[in-house]
Structure formats: C-alpha cells, structure tokens
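The values are calculated or read from the model by the stated rules, or taken from the named source; none is laboratory data. Here the structure is a predicted model, which means the values were calculated and not measured. Here the Cβ positions follow ideal geometry from the backbone for every residue, glycine too, while neighbour counts run over all protein chains shown. Keep in mind that these areas ignore ligands, DNA and RNA; they rest on the heavy atoms of the full protein, side chains included. Shrake-Rupley method; radii C 1.70, N 1.55, O 1.52, S 1.80 Å.
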Amino acid sequence: MIKRRRNNLFISVFALCFVLLTGCGAGRDTTATSETDLESESMPDEDDIVIGISQVGSESDWRTTNTKAYIETFTQEKGYYLIFEDGQQKQENQVKALRKFILKGVDYIVLDPIVETGWDAVLKEAQDAGIPVIIADRNVSVEDESLYTCHVGSDFMQEGRNAGEWLAAYLESRGRGKKEINLVTLQGTLGSTAQIGRTSGFAEVMEKHANWNMLEYQSGDFTQAKAYEVMEYFLETYDDIDVVICENDNMAFGAIEAIKEAGLKLGKNGDIMILSFDAVRDALLLVQKGEIMADFECNPIIAPLVEETIQKLERGEPVEKVQHIDETYFDYRMDIETLLESREY
Ligand code: GZL
C-alpha cells in the first residue's frame, strides 16, 4: 500500500470547509461543487485512495459516457475519494486543476489532455511531489516520458487506418476502386491525439489510392455546431464531394444537418457518404438508417482499466507504459438494432 501522502493542509482545509459549509459531521454522498466540477463533501477517510481527475470538457456524447464511467467507478463505497475537474476544453483549466491536485496531495492524478503538448512543466511538478500521473484517453507528447506512469486509451492511428481500409474495400466492392473519389475531412480538436491519430492513420491508407483526392481538412473541434458551419463552407466551396470523414460522431451530426439542408442525399445510393468515429448510440442509429456508412468505435469506458492500473500500483506491481483498449466498427450492412441491445452506450 503506497503511504498516503496527503499533507495536513488537505485534511485541515477540508475539515474547516466542511464544518463551515454544513456545520455537521462527514456526509458520505458526492455532490457537484459547481455545474462542471464534482467533489465529495465529506473528508477522505484515512485509507481512501484520493484521485484527482482532469477531464477535457463536455463537448461530445462520447465525453459524457467517458465521465459517467469515472464517477461510477471511483466511488467512496469502493474506497476512493474523487476530485473531478472539467477543463471546459481549455488547457489552462486543466493545468490549474493539476496544480490544485498537487497542492491537496492527492494519491493519483488522471489526466485526459485536450492536446498533446504543453504539459512538461506541470507533470514535473507532480513528479517532484511524488504523485503518479496516469494519462487516459488522449495522450501527451513530452520530452521525458518518465513524467507519467502510463497511457490508457485507444490506438487512434489504427482507428484511422481501419476507416481507410473500410472505404477502400467498399469502393472496390462497388466497382469504384479506380474511380476519382473526392473527400473532405472534419478534424477533431487540432493537436489532440484523437485528431492526430485518425488523420494520419487514414492518410496512410489514402497514400495507396492515387485516385482519392482529399479536397480539404478543417477542424470542427469535435462539436456538432462547429462541424455544421464547416460543412456549410465545404458545400459552398466544392460541388463534387463524395465522402466526408468526420473524426467524431457529434461532427457527423452537424455535417448531416448541413448536407440535408443543401438538399443532398446521404448513403450508398446518395450524393455523399459519411464515415465517422466514436460509435455512440445516436450515431449507430444513423448507421442503421444508412446515413452514416460506417462508424469506427472509440471505447469511452476507460475508467475500469484506469482503476485496474491504480490497484496494481497500490500493490507495487509494474504496469504497461501503453495500454490500448479493444475496439471494433459498425457499418450499414450490420444488424445494428440487435447489437444495440447489448451495448453499454
Ligand atoms: C477520443 C476522444 C475524443 C472523441 C470525441 O478518445 O478524446 O474526444 O472521439 C471527444 O468525441 O470529444
């Protein structure tokens, strides 16, 4: 068991705040201290594992499921004390959250970094404070890889390759393997691991198809609203788009709205085909309708793997530096309705 490193300041600050706020003994339930953050009202028990989680934001359906899994996994009944901070899609908020965790002397930090760069200094502060940092979902790019314990998340490059290979096989099956294909891409938050991986993984496959023309890349920042605007721009700029690559489902929702408003048809017999990433429930319903041709899963339920990693660290066991979660894809040919019956999200 790693010696609890909480400093007396943490306990006394919590004791003072708790008594002032409630004037009573330790409750055991957790309530949000603001609309985006969540912290237990009660003080941690001596043996609680105190975990500070810095989340990207609440920009997508995927993120909602990802957050829900953390809150359902790290409960006080299971011996955890969770401090959850929503970065609201701003790196400076996440850096502030990490410094707050360090000041409070948490036992572990879990960071889902909005972008890959800019973390070296604050991760060094965590390392100097002796607090292990687990990078979850997206990844960091740092000079010194010892600044974090491990990365638990998806292989985004592979997700991109899977999408490229699926499109190549589909076009071949429709006798369009050698035909000119015009594509545009709605990228995620620029510099995020999900965007970097999906863009480069798909590009790797595109290099094998000289007849594929990527007309333009534009970021929709993983949001439906921004993607709608960018898709409107694409439709005004290009009159022969065959395929739209959406680097997450919420951007696919925005693109579909703009495409329909332009009077264009979606799907294998339509004007434009959409490939998407995440495979959240509402998107899979659109796959079933044929409006999204294929959706490449990005599993948001990472919390159990993070918990398993923390438990290993608690027992002093080694952990893999990179732990990828298994993922699949869904396309218009599958019985989505049946698949959804057994799907958690
Ligand atoms: C991917 C995750 C991405 C999702 C988006 O692991 O970081 O961020 O694909 C989310 O939906 O916004």
Report whether or not ASP221 is open to solvent by 10 Å² or more (accessible area, probe 1.4 Å) and touching a Ser or Thr at 6+ places or on another chain (Cβ under 6 Å). yes
Using beta carbons and a limit of 8 Å, which pairs, at least six apart or on different chains, have the first residue in segment 289-303 and under 19 Å from THR64 (Cβ atoms) and in a helix (DSSP H, G or I) and the second one within 11 Å of the ligand (Cβ to nearest atom) and not hydroxyl-bearing (Ser, Thr, Tyr)? ALA303/ASN66
With respect to LEU275, determine if the residue is touching a residue at least 40 places away in the same chain (Cβ under 8 Å) and open to solvent by 10 Å² or more (accessible area, probe 1.4 Å). no
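Does PRO318 count as exposed (fewer than 14 other Cβ atoms within 10 Å of the Cβ) and not hydroxyl-bearing (Ser, Thr, Tyr)? Write out each step before concluding.
Details: exposed (fewer than 14 other Cβ atoms within 10 Å of the Cβ): yes; not hydroxyl-bearing (Ser, Thr, Tyr): yes.
For PRO318, the condition - exposed (fewer than 14 other Cβ atoms within 10 Å of the Cβ) and not hydroxyl-bearing (Ser, Thr, Tyr) - is met.
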Which members of segment 321-339 meet the condition of being closer than 23 Å to TRP166 by Cβ and exposed (fewer than 14 other Cβ atoms within 10 Å of the Cβ)? ASP326, THR328, ARG333, ASP335, GLU337, THR338
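For segment 110-131, how many residues are under 19 Å from TYR70 (Cβ atoms) and touching a Leu at 6+ places or on another chain (Cβ under 6 Å)? Reasoning before the result, please.
Start the filter on segment 110-131 by keeping residues that are under 19 Å from TYR70 (Cβ atoms), which leaves 110-114, 126, 131.
Imposing the further condition that a residue be touching a Leu at 6+ places or on another chain (Cβ under 6 Å) reduces the set to none.
Of the residues in segment 110-131, 0 are under 19 Å from TYR70 (Cβ atoms) and touching a Leu at 6+ places or on another chain (Cβ under 6 Å).
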Go through segment 219-266 and give me each residue that's touching a residue at least 60 places away in the same chain (Cβ under 8 Å) and on the phi > 0 side of the Ramachandran plot. ASP221, PHE222
Leading residue by the ranking (nearest to the ligand (Cβ to nearest atom)) among those in segment 57-72 that are touching a residue at least 24 places away in the same chain (Cβ under 8 Å) and among the β-branched types (Val, Ile, Thr): THR65
Filter segment 108-123 down to the residues that are among the charged types (D, E, K, R) and surrounded by fewer than 24 Cβ atoms within 10 Å (Cβ to Cβ), then identify the one that is nearest to the ligand (Cβ to nearest atom). GLU116
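Would you check which residues across segment 134-183 are hydroxyl-bearing (Ser, Thr, Tyr), surrounded by 14 or more Cβ atoms within 10 Å (Cβ to Cβ) and away from the ligand (no atom under 16 Å from the Cβ) and list them? Show your work before the answer.
If we filter segment 134-183 for residues that are hydroxyl-bearing (Ser, Thr, Tyr), which is where we start, we get 141, 146, 148-149, 154, 170, 173.
Next, from what is left, pick out any that are surrounded by 14 or more Cβ atoms within 10 Å (Cβ to Cβ): 141, 148-149, 154, 170.
Hits for segment 134-183 are TYR148, THR149, TYR170.
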Checking the conditions here, which among GLY130, GLY52 is open to solvent by 30 Å² or more (accessible area, probe 1.4 Å), more than 16 Å from the ligand (Cβ to nearest atom), out of contact with any Ser or Thr (no Cβ under 9 Å at 6 or more places or on another chain) and not in a helix (DSSP H, G or I)? GLY130
Residue match in segment 310-320 (condition: in contact (Cβ under 8 Å) with a residue 60 or more places away in the chain and closer than 25 Å to PHE222 by Cα): no
When (1) over 16 Å from the mean Cα position of the chain (by Cα); (2) open to solvent by 60 Å² or more (accessible area, probe 1.4 Å) are applied to LEU286, the one that fails is (2)
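Count, please, the residues in segment 224-256 that happen to be more than 21 Å from PHE296 (Cβ to Cβ), buried (at least 16 other Cβ atoms within 10 Å of the Cβ) and not hydrophobic (A, V, I, L, M, F, W, C). Break it down stepwise before answering.
Within segment 224-256, the subset more than 21 Å from PHE296 (Cβ to Cβ) is 225, 228-229, 232-233, 235-240.
Filter again for buried (at least 16 other Cβ atoms within 10 Å of the Cβ), leaving 228, 232, 235.
Imposing the further condition that a residue be not hydrophobic (A, V, I, L, M, F, W, C) reduces the set to 228, 232.
Looking only at that region, the number is 2.
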